[in-house]
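Heads up: the structure comes next, in structure tokens.
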Amino acid sequence: MKQLLLRFFTLIVLAIATGCAHQITMAPNLNDVALPANSKALKQNVGYFISPTDLALQAITPGGGGDKVSYFPYKDFEPGLYKALSEIFPKVTKLKAIDDAATIKQDQLNLLIKPVLTTTSSSPSMMTWPPTQFSVGLVCTITNPDGTPVTTIRVLGIGKAEFDEFRKDFSLAAKRASDDALKQLMTELLSNPTLNK
């Protein structure tokens, strides 16, 4: 019995020492993803590709109090990416492969987009675990259907939330970072001279 209790106590100590990963989401607010006022949509049809491996990727980054937070960057972010692209381009297609020639031809795609996400989170709080600061780095490599590079868009979305704000939504800082990244992405796409020919 003593040995069993000792093992249980050891597991508790290890869990406290290493912290635990709390599930959050970085899914953006789709209602806020809209074409900026006085902006004209672009004319090209686009396809984007996110690999199944990326969609299944689970990220674990620091929260507060020595704990960590867990989320699925690509899975959470994709609906916002699709909405943002759909606001700017007349047709948006999710590709099963970046070189899916049949779909590219069928949907008359002019541009292909491969997004890469990086995230960070942190909090100075020793009492609460949700992150108070979150960042979403987004790099979109844009090519022609034949693979010829067209341009690369890089943005860094920042989200912050304090206790009084996030006590009803532990994911608030992450969501705000995604919202910020998408807003910047849309601005960069619309102002890019290569895409506005």
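For segment 82-130, compute Rh as the Kirkwood radius over C-alpha pairs and then the Stokes-Einstein diffusion coefficient at 37 °C and 0.692 mPa s; write the answer in µm²/s, rounded to an integer. Display every interim value, and only then the final one.
Details: Rh = 14.1 Å.
D, rounded to a whole number, is 233 µm²/s.
Using the Cα centre of segment 26-130 as the reference point, and only Cβ charges (+1 on K/R, -1 on D/E), how large is the resulting charge dipole? Debye, rounded to the nearest 20. Mind dumping the intermediate values first?
Values: 10 positive and 9 negative charges, 61 e Å.
I would put it at about 300 debye.
Once ligands and nucleic acids are excluded and a 1.4 Å probe is used, how much of Ile98 is accessible, expressed in Å² to the nearest 10?
Number for this one is 70 Å².
Could you give the nm distance between label points at Gln106 and Arg154, where each point is 7 Å from its Cα heading toward the beta carbon?
3.6
Where in segment 154-190 does the label zone of Thr120 land, with the point 7 angstrom along Cα→C-beta and an amide N cut-off under 16 Å?
Taking a point 7 Å out along Cα→Cβ of Thr120, the residues of segment 154-190 whose backbone N falls under 16 Å are 155-161, 174, 177-178, 181.
Carbon and sulfur atoms: what percent of the 1.4 Å accessible area of segment 94-169 do they account for? Numbers along the way, then the final one.
On the way: 2370 of 4390 Å².
Roughly 54 percent of what the probe reaches on segment 94-169 is carbon or sulfur.
Hey, with R₀ at 41 Å, roughly what FRET efficiency would Asn196 and Cys20 work out to, going by the Cβ-Cβ distance, to 0.05? Display every interim value, and only then the final one.
Numbers: r = 48 Å, r/R0 = 1.17.
E(calc), rounded to 0.05, equals 0.30.
Given the C-alpha centroids of segment 47-79 and segment 100-175, what is the distance between them in whole angstrom?
With segment 47-79 and segment 100-175 each reduced to a Cα centre, they are spaced 10 Å.
What accessible area per residue comes out for the chain, rounded to a whole number of Å², with a 1.4 Å probe?
Numbers: 11170 Å² over 197 residues.
Per-residue value: 57 Å².
Of (1) 17.9, 60; (2) 15.6, 46; (3) 20.3, 76, which one was derived for Rg and Dmax of the Cα atoms in Å from the structure shown?
(3)
Roughly how many nanometres apart are two label points built 7 Å out from the Cα toward the Cβ at Lys168 and Val139?
Distance between label points: 3.9 nm.
Hey, what number do you get for the chain at 222 nm if only DSSP H runs of n ≥ 4 count, each worth -39500 (n - 2.57), divided across all residues, to the nearest 500? Please list the in-between numbers first.
Details: 6 runs with 67 residues, N = 197.
Mean residue ellipticity at 222 nm (helix-derived): -10500 deg cm²/dmol.
Given Cβ point charges of +1 (Lys, Arg) and -1 (Asp, Glu) and nothing else, what value in debye, to the nearest 20, does the dipole of segment 111-167 about its Cα centre take? Let's see the in-between values first.
Details: 4 positive and 4 negative charges, 24 e Å.
Dipole magnitude for segment 111-167 comes out near 120 debye.
What's the magnitude of the charge dipole for the chain around its Cα centre, counting Lys and Arg as +1 and Asp and Glu as -1 at the beta-carbon? Answer in Debye, nearest 20.
Numbers: 20 positive and 17 negative charges, 36 e Å.
Using only the charged Cβ atoms, the result is roughly 180 debye.
Give me the net charge of Ala101's neighbourhood, meaning all other residues with Cβ under 13 Å from the Cβ of Ala101; Lys, Arg count +1, Asp, Glu -1. Write out the running numbers ahead of the final one.
On the way: positive: Lys96, Lys105; negative: Asp99, Asp100, Asp107, Asp146.
Residues near Ala101 contribute -2 overall.
Mind counting lysine pairs for me in segment 83-173? Cα separation below 17 Å, and the two need to be 8 or more apart along the chain or on different chains.
10
The values are calculated or read from the model by the stated rules, or taken from the named source; none is laboratory data. The model shown is predicted, which means the values in this text are computed figures rather than measured ones. Note: ideal-geometry Cβ built from the backbone for every residue, glycine included; neighbour counts use all protein chains shown. Ligands, DNA and RNA are stripped out before the accessible areas are found, and what is left, the full protein with its side chains, is counted by its heavy atoms. Shrake-Rupley method; radii C 1.70, N 1.55, O 1.52, S 1.80 Å.
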